[in-house]
1. How far is it, in nm, from the label point at residue 234 to the one at residue 154 when both lie 7 Å from their Cα along the line to the Cβ?
2. Just to verify a number: FRET efficiency for residue 135 and residue 52, C-beta to C-beta distance, R0 = 35 Å, to 0.05?
3. Tell me, what is the FRET efficiency for residue 63 and residue 91 to the nearest 0.05, using R0 = 30 angstrom and their Cβ-Cβ distance as r?
4. Based on the alpha-carbon set only, what is the convex hull volume of the stretch 73-113 divided per residue, in Å³?
5. Sort 70-83, 87-100 by the packing proxy (mean of other Cβ within 10 Å over each peptide's residues), most packed first.
6. Of 230, 105, which has the most accessible area and how do the rest follow, probe 1.4 Å?
7. Determine, from the Cβ-Cβ distance of residue 223 and residue 200 and an R0 of 45 Å, the FRET efficiency 1/(1 + (r/R0)^6), rounded to the nearest 0.05.
8. Give the span of the stretch 107-242's Cα atoms along each principal axis, as three whole-Å numbers ordered largest to smallest.
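The values are calculated or read from the model by the stated rules, or taken from the named source; none is laboratory data. On a predicted model such as this, the values are computed, not experimentally measured, just so you know. Here Cβ is always computed from backbone atoms with ideal geometry, including for glycine, and neighbour counts include all displayed protein chains. Quick note on the areas: whole protein, heavy atoms, side chains included, nothing else; ligands and nucleic acids left out. Shrake-Rupley method; radii C 1.70, N 1.55, O 1.52, S 1.80 Å.
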Amino acid sequence: MVRNVPGKEKENLFMKKRNLTTIILAVAMIAVLGIGGIMAYFTDYEEVTNSFTYGQVELELTEPNWDEDLAQQVVPNETFAKDPTIKNIGVNDMFVFVEVVVPYENIITANLDGTRKAAADTELFFYDLNGNWTELTQNAVDKNGNAYPVIDPQSKTVTHLYVFGTQVKSTAVKYGESVTPFTEVTAANAIESQGLENKAVDMLVKAYAIQSENLVTSGNGITNPYEVWEVFVNQGVTVDQD
């Protein structure tokens with residue numbers, strides 16, 4: 001016999017069933033979480049460490065045959081040893097540039113037969129470049145944007161720029177190698193009584209180096225001396241500083 005259940009009892013019965021369902025679901029969820037908590041995944045890990053050592057670009061500038069005493073009483077047209085020698089003492093191959101700062105005066109010089117030339121701004125010393133050295137002009141500029149050769153009226157000097165290589169290709173100097181742009185200089189054939197007697201003048205040589213390997217602009221390796229020099233100057237090194 002089916003007994004009619006009053007409305008209140010029906011409600012209580014529904015709530016009991018609902019609570020029981022909730023408990024069952026909660027227990028099931030806990031069981032699932034428990035299973036997940038004890039699950040293990042296969043994993044692995046390895047690492048590798050590589051050691052790199054940066055190279056070095058370093059030069060040594062010497063003048064093996066320079067004799068200070070011989071330079072104290074220079075006479076016109078005299079030739080004496082002066083051999084700026086650049087040696088690669090670093091690790092990496094390098095491109096080499098040399099600046100030579102030569103004093104000048106507005107003077108009268110003479111031809112070898114003694115006949116006079118008109119007064120003109122004249123470099124007091126001159127020299128012949130050795131093979132594999134080239135002077136860079138016009139398209140090469142210093143840090144101030146002045147094209148070589150750079151004339152400075154205040155110091156009365158002319159600065160020349162040379163590269164070890166040609167007008168179109170720099171030549172790398174390898175570790176242990178030495179290069180020399182010139183080996184001797186000659187005094188200008190100036191006539192007397194122009195204020196040069198007992199006057200000390202300086203001739204300055206500066207050597208610069210930059211790596212020759214992996215020297216790139218816009219993704220392309222460069223060897224053109226004008227481009228290489230531009231990179232060197234743009235890097236902000238102490239160009240034109242004594």
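1. Placing both labels 7 Å beyond Cα along the Cβ direction yields 2.8 nm.
2. Details: r = 39 Å, r/R0 = 1.10.
About 0.35, to the nearest 0.05.
3. Efficiency, from the Cβ-Cβ distance: 0.75.
4. On the way: hull volume 5.9 nm³, N = 41.
For the stretch 73-113, the hull spanned by Cα atoms encloses 144 Å³ per residue.
5. Values: 70-83: 13.7, 87-100: 20.9.
Packing proxy ranking, top to bottom: 87-100, 70-83.
6. Working: 230 105, 105 25 Å².
Order by accessible area, largest first: 230, 105.
7. Working: r = 40 Å, r/R0 = 0.89.
Approximately 0.65, to the nearest 0.05.
8. Principal extents (largest minus smallest coordinate, Cα): 58, 29, 23 Å.
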